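One structure is given here, and the rest of the page talks about it.
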Amino acid sequence: QVQLVESGGGLVQAGGSLRLSCAASGSIASINVMGWYRQAPGKQRELVAVMSTGGHTNYADSVKGRFTISRENAKNMVYLQMNSLKPEYTAVYYCHHNQAWRDYWGQGTQVTVSS
């Protein structure tokens, strides 16, 4: 089992920045993918950015150039630096971890961007 705990959400004005953090604990495999998804009210959960232990990344087109994902493998941490935030980025952001074809989710952290 893997447990994920997010932190860093909150309320920010448009154009501002936030940094999300996620700590993974439990039986962590040496090869895994960690990242972030988000779900806005009335919408499906969507990928924001993910990163493998090897450093490969995948970003949603809507956040390229604004968000940066990073991780500290030794600490089982993943981060999401979000810059130039827009109101349409308002959502619950979920930390995600995949290993051995199993998905794990955090409880989510609210990000609200005011106009």
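The values are calculated or read from the model by the stated rules, or taken from the named source; none is laboratory data. Since the structure is predicted, the reported quantities are computational estimates derived from the model, not experimental observations. Note: ideal-geometry Cβ built from the backbone for every residue, glycine included; neighbour counts use all protein chains shown. Surface areas here come from the heavy atoms of the whole protein model, side chains and all, with no ligands, DNA or RNA. Shrake-Rupley method; radii C 1.70, N 1.55, O 1.52, S 1.80 Å.
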Note, Val2: beta-carbon cut-off 15 Å, +1 each Lys/Arg, -1 each Asp/Glu, net +1
Karplus-derived HN-Hα couplings along the stretch 58-75 (A = 6.51, B = -1.76, C = 1.60, θ = phi - 60°), whole Hz, x at Gly and Pro:
9, 10, 5, 4, 5, 10, 4, x, 10, 10, 10, 9, 8, 8, 10, 4, 5, 9
Carbon-plus-sulfur fraction of the accessible area of the chain, 1.4 Å probe, in percent?
49
Cα centre as origin, Lys/Arg/Asp/Glu Cβ charges: the stretch 1-88 dipole, Debye
100
Mean accessible surface per residue for the chain, computed with a 1.4 Å probe while every protein chain stays in place, in Å²:
53
First select every other residue whose beta carbon is under 13 angstrom from the beta carbon of Ile28; then total the charges, Lys and Arg +1, Asp and Glu -1.
+2
Got a sec to turn the phi values of the stretch 35-41 into Karplus ³J(HN,Hα) couplings, 6.51 cos²θ - 1.76 cosθ + 1.60 with θ = phi - 60°, whole Hz, x for Gly and Pro?
x, 9, 10, 9, 9, 8, x
Under the rule of at least 5 residues apart or a separate chain, name every residue whose amide H is placed under 5 Å from the amide H of Trp36.
Val48, Ala49, Val50, His96
What is the gain in length, in nm to one decimal, between His56 and Trp101 on full extension, counting 0.36 nm per residue of separation less the C-alpha to C-alpha distance?
14.5 nm
Probe 1.4 Å, all protein chains present, accessible-area order of Asp61, Asp103, largest first
Asp61, Asp103
